Amino acid sequence: MSAPISSPSPAPLKILISGAGIGGSALAFWLSHLGHSVTILERHPVLRTSGLQLDLRGPGIAVLDRMGLADAFRAKSAPEQGFRVVDKTGRQRASFLVNKTGKGLQGFTTEWEIMRGDFCTMLCEAAMGKGGKYVFNSSVESFKDKRGKDRTGSDGGGGVEVRLADGKTETYDLLVGADGIGSNTRKMMLGEPLSGDDTGFRPLNGQYIGYVTIPKPLKSDANSDPSSQYMATMYMIPGGRGIMMRRHSPAQVQAYLFCRSDSERLRNASLTRDVRTQKEALRDIFKGAGWESDEIVAALMQENDFYLERMGMVKLPSGGWSSKGGSVVLLGDAAHCPSANTGMGTTSALVGAYVLAGEIGKHCPAHPGEGTKGGLEMALKEYERKYRPFVEEVQKGIEEDKGMRKYLMPQSAFGIEVMNRLMGLASFLNLNVLGRFVLREDIKWELPEYKGLMGVKESK
Ligand SMILES: Cc1cc2nc3c(=O)[nH]c(=O)nc-3n(C[C@H](O)[C@H](O)[C@H](O)COP(=O)(O)OP(=O)(O)OC[C@H]3O[C@@H](n4cnc5c(N)ncnc54)[C@H](O)[C@@H]3O)c2cc1C
C-alpha cells in the first residue's frame, strides 16, 4: 500500500480507472503518455470484447487521429457500404450510401465503423504500449475520500482509499469510474440517490434493443452484388418495432431488434440476467413480423452472444461528474450515456477521455516545467466545464422524444408506409436526413488543444 502524492511539486499521479471499455482504455493511453501511473481494473476475467458495431463521428475522429490510431482503425473497420430501408416483402424503399468524401456530415453509416471488440482491443493495446497496467477479474467494492491537502497545498484532492472486491485496500490520487451505463462508481459516488431511487439513469420510455450476431454467409449467386450485402438494412414493423441487419464479415451478420413496448414481461426480463427469459420475451414480440423476422428470431434463440438493453441516458446535475475534493470522477457512459440512438456514445467517451486527460495534464503535471499546477480539483472542474456543453447538445431532446425522432418508429402500417415513402424521397433527392435531423454529429463545439497531448501521432 503506498501513500498518494501530496507534494506540491510536479510528480506522477497514481490513478485507478474502473472499467476497461472504450473510455477507460482511451484515458489510460493519454494519462500514461503524460507520465502518470495508471492501473485499469476490469470486472470481467478478460477484456470484454463483446458488442456489435460502433462508429465515430465529428470530434471522435479528430481524437482518434491525435492518438495516432486512425490507420489501425481503418485496417479493422467494418466494410459497411451504407444504409437502406426495406418493406415486409424485402423490397428496397430507400438507400443512402456512406459519405466517403471526408467532408460534410456522415449518414447512418459512417466512414468510421468498427466492431466493438476490435476497438476495445486496439485501445487496450495502445494503452499498454504507453505503460498502462490492466488487472482483470477485479472491481472496486467501496472507497473513502481522504480529505486533506492536495499536491498543490489546497484543501481537497487528498486521494482516495479504494477497497477491492478481494478485500485489498490501496490509496490513489484519483479514481475514475469508466464502468459504463450501470456504473457502480457512479452509484457509490452519489452515495444517496439524487432523489427516490434516481441514480442518474433515465430510461427512454419503453425502448429496448436486443443485439445478436448470427451466421449468414454471403450469397454468391450471379445475381447478388456482394457490396449490396454490406448495406445496413432496416425494416420497420407496426407496433413501434423494427429490425436492423448489418454485415461485418462474409460469414456473419448482426441483428438488432428494437421496440417501444410497455410490456411488463420485457421490462422484467431486462432487469434479470436470465438470457433465456430475455430471448423468449423478445421472440414473442418479433415472431411472424414479416421480412426475415422468423429466420432472425430462430437464430436469436440459438446464438450465445445475445444481450438485451433497456435504452436510456445518464444525466447528472451540474458539478455531478466528480466528487467534491477531486478524488473521484466519471467518464463516458458512466457520466453521460447519450443512449444508442444518438449514435454518439463511443465518440462521447473517446472525446471525454481526451479532455479529462488534457485537463489533468494541464493542472497536475507529472514532470517539472509542464502545466499550471492548479491541482486535481481544478482539473476535474475544468473537464466538466469544457466538456458538458458538448454532451448537453448530444443529449438534447432525446428524453423528451422531440423533433423528427418522435415519428421514427410509427405504430401503424399506414405510418410506416408514409415513413418509407419519405425516406425514399430523401434518398432520391440525396438528402442526408438521418445525419442532419436524427443523429447528433453536427454540434458546434471546439475540441480543445492540449500541449501535452499533441505530437503523439507524429512520434509513432
Ligand atoms: C459488453 C458491451 C457491449 C456493447 N455493445 C454495444 C453495441 O453493440 N453497440 C453500441 O453502440 N454500444 C455498445 N456498448 C456500449 C458502448 O461500448 C458504449 O456506449 C460506448 O463505447 C462508451 O464506452 P464506455 O467506455 O463509457 O463504456 P463501456 O464500453 O460500456 O465499458 C465499460 C467497461 O466497464 C466494465 N465494468 C462495468 N462495471 C464494472 C465494475 N464494477 N468494475 C470494473 N469494470 C466494470 C465493463 O465490463 C466494460 O468493460 C456495449 C458495451 C458493453 C460493455
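Bear in mind that the values in this text are calculations on the coordinates, not laboratory data. Just so you know, these numbers come straight off a predicted model, no measurement behind them. All Cβ positions, even for glycine, are placed from backbone atoms using ideal geometry, and neighbour counts span all protein chains on display.
General observations
- Segment 209-289: trypsin sites (Lys or Arg not before Pro) falling in loop per DSSP and having at most 16 other Cβ within 10 Å: LYS219, ARG273, LYS287
- Net charge contributed by nearby residues that have their C-beta within less than 14 Å of VAL275 (K/R +1, D/E -1): -1
- Among 450-456, 39-45, the order from most to least packed when residues are scored by Cβ within 10 Å on average: 39-45, 450-456
- Put simply, the amide H of PHE143, placed in the peptide plane, has neighbours under 5 Å in ARG163, leaving out anything fewer than 5 places away on its chain.
- Each peptide among 182-188, 322-328 gets the average number of other Cβ atoms lying within 10 Å of its residues, and from highest to lowest they stand as 322-328, 182-188.
- Structure-based [θ]222 nm, the chain - -39500 (n - 2.57) summed over DSSP H runs of at least 4, per residue, nearest 500: -9000 deg cm²/dmol
- Theoretical gain in end-to-end length, LEU218 to ARG91 [0.36 nm per residue, Cα-Cα removed]: 43.9 nm
- Taking 14 Å as the straight-line reach from the Cα of LYS396, the aspartates and glutamates in range (excluding those fewer than 8 positions away in the same chain) are GLU441, ASP442.
- Mean Cα-pair separation over length for the chain, i.e. relative contact order, pairs under 8 Å, 6 or more apart, %: 22 percent
- Relative intensity of segment 260-378 on a log10 scale, I(q)/I(0) at q = 0.10, 0.14 Å⁻¹, equals -0.53, -0.77, per a Debye sum over C-alpha point scatterers of equal strength in the absence of solvent.
- Bridging of LYS133 to aspartates and glutamates at a Cα separation below 13 Å is possible for GLU42, GLU125, once same-chain residues fewer than 8 apart are set aside.
- Dimensionless Rg ratio for the chain, taking C-alpha atoms and the 2.2 N^0.38 Å reference: 1.00
- Partner aspartates and glutamates for LYS444 [C-alpha distance under 18 Å; skip if fewer than 8 residues away on the same chain]: GLU384, GLU392, GLU393
- Per-peptide packing, taken as the mean over residues of other Cβ atoms within 10 Å, places 163-175, 347-359, 54-66 in the sequence 347-359, 54-66, 163-175 from highest down.
- Over 22 Å (Cα to Cα) - which of LYS146/LYS187; LYS187/LYS324; LYS14/LYS324; LYS279/LYS315; LYS14/LYS362; LYS100/LYS216 fall in this group: LYS279/LYS315; LYS100/LYS216
- Paramagnetic label reach from SER228 (point 7 Å along Cα→Cβ; backbone nitrogen cut-off under 17 Å): within segment 262-302, residues 292.
- Long-range HN-HN contacts of MET231 with modeled amide H, under 5 Å: GLN81
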